[in-house]
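The values are calculated or read from the model by the stated rules, or taken from the named source; none is laboratory data. Computed from a predicted structure; not experimentally measured. In this analysis, Cβ positions are derived from the backbone assuming ideal geometry, glycine residues included, and neighbour counts consider all displayed protein chains. Calculation scope for accessible area: heavy atoms of the full protein, side chains included, ligands and nucleic acids excluded. Shrake-Rupley method; radii C 1.70, N 1.55, O 1.52, S 1.80 Å.
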Amino acid sequence: MAAAGRPDINDSGNPVKRESRSFCAFIAGFDWIQIFSLLFLLAFGLVFIHSTGVQVGTAASARFFEKQLTQWIPCGALLWLFFSLIDYRKLYFKVGAVLFFLVTTLALVLVLKYGVKVYGATRWLMVGAFRLQPSEFGKLSLILVLAWLFSSPRFSGAKWTGIFAGTALVMVPAVLIFKEPDLGGTLILFPIAGTMLLVSGLKWRWLLLVSAICCAAFFSLRAVVLSYKSDSEKKSAAIVRKEGNAKAARVKNTWFGLKEYQIKRLRVFFKPNSDISNSGHNVYQSRLAVGSGGFRGKGIGNGTQNRYGFLPQTVANNDFIFSVIAEETGFVGCLLLIAGYVVFFYSIFRTAFKAPPLGRMIAVGIGTMLFCHTYINIGMCIGLAPVTGLPLPFVSYGGSFIFVGMMCMGILQSVYRNSTSER
């Protein structure tokens with residue numbers, strides 16, 4: 001009892017301040033591997049967002065770098081700090097996750113009627129001075145709700161109740177995002193939910209069955225897409241002769257819910273170099289940029305595909321930023337970037353292995369989302385994935401995804417810190 005009121009003494013006989021010790025423990029509780037890898041990716045992105053802006057040479061292109069540096073990243077850092085300091089295990093976090101899902105669902109409904117249309121797609125809402133993309137926030141809200149659902153023994157992936165409830169939750173944002181239209185944003189929801197289901201106890205035989213169905217659907221889609229061109233032209237020609245151009249345009253704009261440009265992108269993916277002067281132009285020029293970089297690249301700011309407009313300058317700093325990186329830094333720069341992502345994903349899934357069920361579900365869902373974004377973005381630049389418009393995490397320009405990504409990283413820090421304290 002006497003020792004209870006006595007101050008701590010170090011080896012030299014001097015008292016130790018408990019405040020100092022607690023602060024050091026607080027700092028040590030963060031996942032610094034994740035923090036440093038995140039900072040590396042953000043810095044990497046800033047270099048090449050600036051590079052693309054300098055090459056284009058207009059005032060509008062220069063503002064992309066300024067916004068990323070002075071608006072999106074600082075605001076994202078505040079979101080990261082906020083979510084890293086809360087306790088994800090508390091009831092208020094679970095209630096907040098449900099409310100967040102309801103708010104994002106409402107935003108997805110509103111964007112269909114009041115959204116801002118850019119390049120033919122209505123995906124953005126104006127919130128004050130910010131133009132935000134609700135579908136990006138919808139991914140995170142879905143992860144949080146599914147994590148809360150699947151971590152419950154009654155709704156785990158080993159039970160039909162969990163499978164049906166999870167499927168119903170996925171379909172709500174999936175249908176709304178598909179109508180924007182945003183095919184890439186829709187499809188990415190299913191591997192997220194599937195991986196979380198598997199971790200929560202889904203039997204392997206169901207995974208194998210779903211994989212077989214997906215393979216059959218893939219090859220069926222390939223056959224149908226490659227044969228669609230002649231059929232659509234015949235139908236369009238017949239309608240033009242009978243009912244005029246307006247109705248023909250309406251028929252051409254939909255095919256099993258897909259837009260004409262989406263079908264063309266799929267055709268280019270299934271048959272590369274089939275239409276390099278039109279729908280396949282971006283992918284073809286992207287592959288040329290990657291190949292022309294060689295081993296060491298042409299030097300930062302010296303890429304020619306973006307400077308002379310062969311790569312579309314409107315998406316060179318987001319959708320096709322990997323092509324710019326490959327051309328200017330070559331194989332060495334790409335290897336360095338991929339090494340950064342390897343460390344980054346290692347930190348995420350290390351957190352998943354340490355965490356209890358709810359934290360594990362959250363970490364797995366976030367890790368799957370970011371991995372799918374990374375694979376698809378790099379894959380579409382080299383012809384291994386269809387063009388979908390998904391950004392390269394923390395490297396591509398964009399406010400909505402930076403906000404969502406930093407929120408994800410903050411929540412993962414909360415999972416890591418509280419899992420470490422439990423241990």
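Annotations for the structure displayed:
- Solvent-accessible heavy-atom area per residue, rounded to whole Å², over region 49-192 at 1.4 Å: 49
- Listed residues ASN317, MET196, THR70: farthest to the positive end of the dipole of the chain (Cβ charges): MET196
- With respect to the chain, whose longest principal axis is taken over its alpha-carbon atoms, helix 321-354 is tilted by about 50°.
- Surface composition of the chain: carbon plus sulfur atoms hold 67% of the accessible area, using a 1.4 angstrom probe and ignoring ligands, DNA and RNA.
- If a spin label sat at a point 7 angstrom from the Cα of CYS75 along the line to its beta carbon, the backbone N atoms of region 354-398 nearer than 14 Å would be those of 398.
- Near LEU198: Cβ cut-off under 13 Å, other residues only, Lys/Arg at +1 and Asp/Glu at -1. The net charge is +3.
- Per residue Cα convex hull volume in Å³ - calculated over the chain: 192
- Highest to lowest packing among 393-400, 100-107, scored as the average C-beta count within 10 Å: 393-400, 100-107
- Amide H contacts for ARG123 (H built 1.01 Å from N in the peptide plane; partners 5 or more residues away or on another chain; cut-off under 5 Å): VAL116, VAL118.
- Accessible area in square angstrom per residue, region 312-365, 1.4 angstrom probe: 33
- Electrostatic dipole magnitude of the chain [Cβ: Lys, Arg +1; Asp, Glu -1; Cα centre; debye, to 20]: 1080
- Positive-end extreme of charge dipole, the chain - chosen from CYS24, MET369, VAL342 (charges on Cβ): MET369
- Gain on full stretching of the segment that runs from PHE164 to LEU207 - 0.36 nm per residue minus C-alpha separation: 14.0 nm
- Peptides ranked, highest mean first, by Cβ atoms within 10 Å: ranges 34-44, 64-74: 34-44, 64-74
- Net lengthening on full extension, PHE130/ASP87 (0.36 nm per residue, minus Cα-Cα): 12.7 nm
- Two-decimal Rg/Rh across region 252-380, once Rg and the Kirkwood Rh are taken from alpha-carbon atoms: 1.08
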